[in-house]
1. Mind ordering 25-35, 85-95, 114-124 by average Cβ neighbours within 10 Å, highest first?
2. So for the stretch 31-142, averaging the separation of alpha carbon pairs under 8 Å that are six or more residues apart and normalising by length, what relative contact order in percent results?
3. For a 20 Å ceiling on Cα separation, which of these pairs sit above it: LYS73/LYS134; LYS45/LYS111; LYS54/LYS130; LYS73/LYS130?
4. Stretched out fully, how many nm does the piece from GLN98 to ASP55 gain, at 0.36 nm a residue minus the Cα gap?
Amino acid sequence: MKQLKLFLAALMCLLTSATSFADDTPIPVDQLPVTAKTFVQTSFKNKKIIYAEKDRNSFECRLDDGTKIEFYKKGMWKKVDCKKGSVPAEIVPSAIQQYVKGNFPDCFITKIDKERYGYEIELSNDIDLKFNQKGVLIGMDD
């Protein structure tokens, strides 16, 4: 009997921890953090959030033009993917903007990721560039 109780307790702990790691739970848009909603309203003025979801450490939303935005738990953006559209200039550090304009004048930024080391961007010609926190190029993938 004691072993059965121990087994059941262990099973409950396992099930509880497994459900707490569930990813991608759809949520109503109004449950996004205020910071995230404000970011969308100011950086994507004429776009509407059509879908939102939450996982353990982050939020994600999709806009009516196909843009996908990921946010940290408190609502600060961590990744913006505009598919084939242009990432809003105001979220791209100026040093990165200048590098892209000077070296890829016919391209625009379609995706930006905040990384531990700095930023990773994708250009409209499918080239990926990595920059440190100061906006200095540190890597390139094509």
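1. 114-124, 85-95, 25-35
2. Once normalised by length, the contact order is 16 percent.
3. Long pairs (Cα-Cα over 20 Å): LYS73/LYS134; LYS54/LYS130; LYS73/LYS130.
4. 12.0 nm
Read the figures in this text as sums done on the coordinates, not as results from a lab. Just so you know, these numbers come straight off a predicted model, no measurement behind them. With ideal geometry, Cβ positions are generated from the backbone for all residues, glycine too; neighbour counts draw on all protein chains shown.
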